[in-house]
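Engineer: Please find one structure pasted underneath; my questions will follow.
The values are calculated or read from the model by the stated rules, or taken from the named source; none is laboratory data. If you're wondering where the values come from, they're calculated on a predicted model, not measured in any experiment. Reconstructed Cβ throughout: ideal geometry from the backbone, glycine too, with neighbour counts over all protein chains shown.
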Amino acid sequence: MAQGALPGFRDFYPEQFAERAYIMGVWRDVARRFAFVEYDGPPLESLELYTKKSGDEIVGQLYNFTDKGGREISLRPEMTPTLARMAAAKANALRKPVRWFSMPQLFRYERQQRGRLREHFQLNVDIIGEPDVTADAELLAVAIEIMRECGLTPEDVRARVSDRRLLTGLLRAIGVSDAQTPAVFGIIDKWERRPLEISREALATLGLNDDAVAKIINVVGGQPTLDGLESAYGEHPDVRAVLGDLRRYHEYLEALGVGDWVTLDLKIVRGLAYYTGIVFELFDAKGELRAICGGGRYDTLLGALGGADLPALGFGMGDVVLAELLRERGYLQEHATLAQPDFWVASESEADRRLVAGVATALRRAGAAVEYALREQSVSKQRKASHSAGATYFVTLAPDFATNHRLTIDAFAETASPTLAELVGGQPTIERLVEVIREHPQLLSSTL
RNA sequence: GUGACUGUAGCUCAAUCGGUUAGAGCACCGGACUGUGGCUCCGGGGGUUGCGGGUUCAAUUCCCGUCAGUCACCCCA
């Protein structure tokens, strides 16, 4: 038995690489259309960059080691610290708002399970320097447009949105003390992973009275609306201010054409991390998979990491869960196809083989993907090989090709109309074929 | 890090109660079909049954360990 890849790591055979290339192509294309520009940083960073943000307990989940210069370093487990470092170094020179995206491979030393490996590719999209909720709407729209571009609909994927300030304000209005608030956040974060009774008991254990517990369960566990929250808690100034922001946020999401995808859901708190405002996660609508994407606003993080004190927001979207969802729907099989040759050029004799190479070169320089037999084979064998390779056209040199440049073109799986043969005409020559390809590059599958 | 389940060819699976040289389909390679053939026919390569140990006359089969995979915790990208 051959040695496989290390646990949690993947080999990308051409079939899998095609899937990865498709997903990353969608990421890059949608980000570009939203006028985000791509950046990258080093895959290795100083260990301190991560402990500064997350504490020493993070080290257990890092691929960290001491390098030959005695430096404590780690493979990057996330992109945000690198982004913060890079943005801080040029904070004053960057045009605001900064709209950057990256597609790093990230590493985390954890036991693997479904949707979670020790390595993955993650799209990171961030906006730096804009405090208004219009930026939050723009950011979420990027994530949702990626779903759309992949062929998914609001019936497949839901964007669940919350706001840490709103939740904090509501808890205050309900009578939760600021000291109790972090613990309540922790309970809400685990809400969906355990029975309601456990959450109810946990809240009661904090010393909250029955009325407060009931209100929390209603607000968090129910299906809150902005209007409902307004009428119930709108009197409280902390709530009122945030509700106004959220209304504008939803108006922008509607204007951006993604309102149908979004649900207000106060159970989304994104761990106990560094988020300060609107937070969101994208889930498959059936709720079978892990989150596809998560993000939000982290206005204090860049300053806390020693960089520029700029408001910022961003999301991360991993390739693993997205690929699972797309595979389940059959979309990956549809889009992530292996590149196949446009032409297979066949020869009938050893003497023809140099002519075949010349024909291949002419077609290649015209933009086509061309393969031919690298050793002498019967024509029937070459035809079989061309099928196997998935070639669209099978070109055979005429016996007197050397003098008249004539060839025959058989189409195997041609979908074009008019067909290549029709465009080339009755007496096809290599010159005519090259001419037609240059005029009609859409005939070539390799350019799609 | 904890627990449960599962490991036979590249893939999907066989192999009677523990019993002869571990088989088949697909895939791959070669040959025939001297030309519409993504066909058909013939042949071939490929396995230390994940690995190590134990019980037994005999282990793919039973036991232990280990590695790997899957799932659930933990935690989160």
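Engineer: Which one of A:142, A:125 is in contact with a Ser or Thr (Cβ under 9 Å, 6 or more places away or on another chain) and modelled with pLDDT of 95 or more?
Structural biologist: A:125
Engineer: Taking region A:257-290 on its own, how many of its residues are among the hydrophobic types (A, V, I, L, M, F, W, C) and closer than 21 Å to residue A:169 by Cβ?
Structural biologist: Count: 10.
Engineer: Identify all residues within region A:1-44 that are within 14 Å of RNA strand B (Cβ to nearest atom) and charged (D, E, K, R); write none if there are none.
Structural biologist: Hits for region A:1-44 are A:10, A:11, A:15.
Engineer: Further question on the same structure: Of all residues in region A:108-139 being touching a helix residue (DSSP H, G or I) at 6+ places or on another chain (Cβ under 9 Å) and more than 25 Å from residue A:32 (Cα to Cα), which is surrounded by the fewest Cβ atoms within 10 Å (Cβ to Cβ)?
Structural biologist: Selected residue: A:114.
Engineer: Listed residues A:444, A:407; which is touching a strand residue (DSSP E or B) at 6+ places or on another chain (Cβ under 8 Å), of a type in the set (A, V, I, L, M, F, W, C) and surrounded by 14 or more Cβ atoms within 10 Å (Cβ to Cβ)?
Structural biologist: A:407
Engineer: Further question: Between a first residue in region A:33-47 that is in contact (Cβ under 8 Å) with a residue 40 or more places away in the chain and loosely packed, with under 12 Cβ neighbours inside 10 Å and a second residue that is of a type in the set (Phe, Trp, Tyr) and not in a loop (DSSP other than H, G, I, E, B), which pairs have beta carbons less than 7 Å apart while being 6 or more apart in sequence or on different chains?
Structural biologist: Listed pairs, sorted by first residue: A:37/A:100.
Engineer: Is it true that residue A:269 is more than 25 Å from residue A:96 (Cα to Cα) and either within 15 Å of RNA strand B (Cβ to nearest atom) or surrounded by 16 or more Cβ atoms within 10 Å (Cβ to Cβ) (or both)?
Structural biologist: Spelling it out, residue A:269 is indeed more than 25 Å from residue A:96 (Cα to Cα) and either within 15 Å of RNA strand B (Cβ to nearest atom) or surrounded by 16 or more Cβ atoms within 10 Å (Cβ to Cβ) (or both).
Engineer: Counting only residues that are of a type outside the set (A, V, I, L, M, F, W, C) and assigned to a loop (DSSP other than H, G, I, E, B), which one in region A:359-382 is modelled with the highest pLDDT?
Structural biologist: Of everything passing the filter in region A:359-382, A:367 is modelled with the highest pLDDT.
Engineer: Here is a further query. Working only within region A:140-197, note down all residues that are small (Gly, Ala, Ser), outside any helix (DSSP H, G or I) and buried (at least 18 other Cβ atoms within 10 Å of the Cβ).
Structural biologist: A:159, A:162, listed by residue number.
Engineer: Next question, about the same structure. Residues of region A:172-201 being within 16 Å of RNA strand B (Cβ to nearest atom) and of a type in the set (Asp, Glu), which ones?
Structural biologist: The answer is A:189, A:192, A:197, A:201.
Engineer: Looking at region A:116-139 only, could you name the residues that are in a strand (DSSP E or B), within 16 Å of RNA strand B (Cβ to nearest atom) and of a type in the set (A, V, I, L, M)?
Structural biologist: Result: A:123, A:125.
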